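Structure record follows, encoded as structure tokens.
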Amino acid sequence: MVKWIRLMVINDNKPNPPLLNDWGWSIFIETDKWILLYDADTEPRIMENNIKALGIDLNRVNAAFLSHYHADHYGGFKYIGKVRKGLTVYVPEVDNILRKWDLNPITVNDSREILEDAVTTGIMSGMGVYEHSLIVKLSGYGSVVVVGCSHPGIDKIVKRSHELLGDIYLVIGGFHGPSRQQLDIVARYSRYVCPAHCSGDEARHYMSVHYRDKYCDVRTGTVINLPIT
Ligand SMILES: [Fe+2]
């Protein structure tokens, strides 16, 4: 299991000047065992600017992960392909885009380990979208679940993650305008809940009021070191 995880939000819908931002999601995940780029926002220009501003060295990245084929998650891979030609990207359906940008997409079907102690949920579908999410095993604390837009339903993703790897420590990413009932389920399963991207202001507000000790505020440039001390 990994001993520590550092999450760095390259782009979120919420701004944080002087970093640039737009509607999209990209998060850099560093552990004591590997480094992964999760989703790549909409704009190559914003990815390039924020990656440089945050001091991220793309040469150290071991692999990348695309949650689903929507432009606000894959657009910036055009820049990544220029800097890291041939980088492996774990994708949820047969690729028509990333290969053109000199990346190496590998299609995931069922749940499996993609890096040491990092597992994909396997493809889940919802709202006509194929999407997968990432689960990382954090030693002594449970797992960390990173989601893209949660088209299959954030409650279903969290339940699947719990079935696969047990206790959950933190969930972060886009929850796709979830209902309160869905948020209650997420809060029941996870020690920390970090709604970002397409979660919406209402979800963020609900969590911050009703689950104050679980809520974390996420915006462009947010850094979260795990375990939280
Ligand atoms: Fe999205």
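Listing for the model above:
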read-out	value
Selection within segment 102-131 - touching a helix residue (DSSP H, G or I) at 6+ places or on another chain (Cβ under 9 Å) and either under 15 Å from Ala63 (Cα atoms) or not in a strand (DSSP E or B) (or both)	Asp102, Leu103, Asn104, Pro105, Ser111, Val119, Thr121, Gly122
Residue, surrounded by the fewest Cβ atoms within 10 Å (Cβ to Cβ), within segment 126-144, restricted to residues that are among the hydrophobic types (A, V, I, L, M, F, W, C) and within 16 Å of the ligand (Cβ to nearest atom)	Met127
Failed criterion for Gly200 (all others in (1) touching a strand residue (DSSP E or B) at 6+ places or on another chain (Cβ under 6 Å); (2) closer than 27 Å to Gly128 by Cα; (3) within 16 Å of the ligand (Cβ to nearest atom) hold)	(1)
Filter result (more than 16 Å from the ligand (Cβ to nearest atom) and outside any helix (DSSP H, G or I)) within segment 38-63	Leu54, Gly55, Ile56, Asp57, Val61, Asn62, Ala63
In segment 81-101, residue farthest from Gly148 (Cα to Cα) [restricted to those that are assigned to a strand (DSSP E or B) and away from the ligand (no atom under 16 Å from the Cβ)]	Thr88
Index of the failed condition, Pro152 passing every other in (1) assigned to a loop (DSSP other than H, G, I, E, B); (2) without any contact (Cβ under 8 Å) to a residue 12 or more places away in the chain	(2)
Of residues in segment 65-89 being among the small types (Gly, Ala, Ser) and farther than 17 Å from Ile114 by Cβ, the one surrounded by the fewest Cβ atoms within 10 Å (Cβ to Cβ)	Ala71
Sole exception among (1) outside any loop (DSSP other than H, G, I, E, B); (2) of a type in the set (A, V, I, L, M, F, W, C); (3) touching a helix residue (DSSP H, G or I) at 6+ places or on another chain (Cβ under 7 Å); (4) away from the ligand (no atom under 16 Å from the Cβ) for Ile29, by number	(3)
Residue among Val218, Val223, Val186 that alone is over 19 Å from Val158 (Cβ atoms) and of a type outside the set (Asp, Glu)	Val223
Residue list for segment 179-204, filter: of a type in the set (Gly, Ala, Ser) and surrounded by fewer than 18 Cβ atoms within 10 Å (Cβ to Cβ)	Ser179, Gly200
Number of the condition not met by Val209 [criteria: (1) of a type in the set (A, V, I, L, M); (2) part of a helix (DSSP H, G or I); (3) surrounded by fewer than 19 Cβ atoms within 10 Å (Cβ to Cβ); (4) in contact (Cβ under 8 Å) with a residue 12 or more places away in the chain]	(4)
Subset of segment 64-80 that is touching a Pro at 6+ places or on another chain (Cβ under 9 Å) and assigned to a helix (DSSP H, G or I) - its residue that is nearest to the ligand (Cβ to nearest atom)	Phe77
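Values in this text are rule-based calculations from the coordinates and carry no lab data. Note that the coordinates shown come from a computational prediction; the quantities given were computed from them, not determined experimentally. Cβ sites come from the backbone with ideal geometry, for glycine too, and all protein chains shown count toward neighbours.
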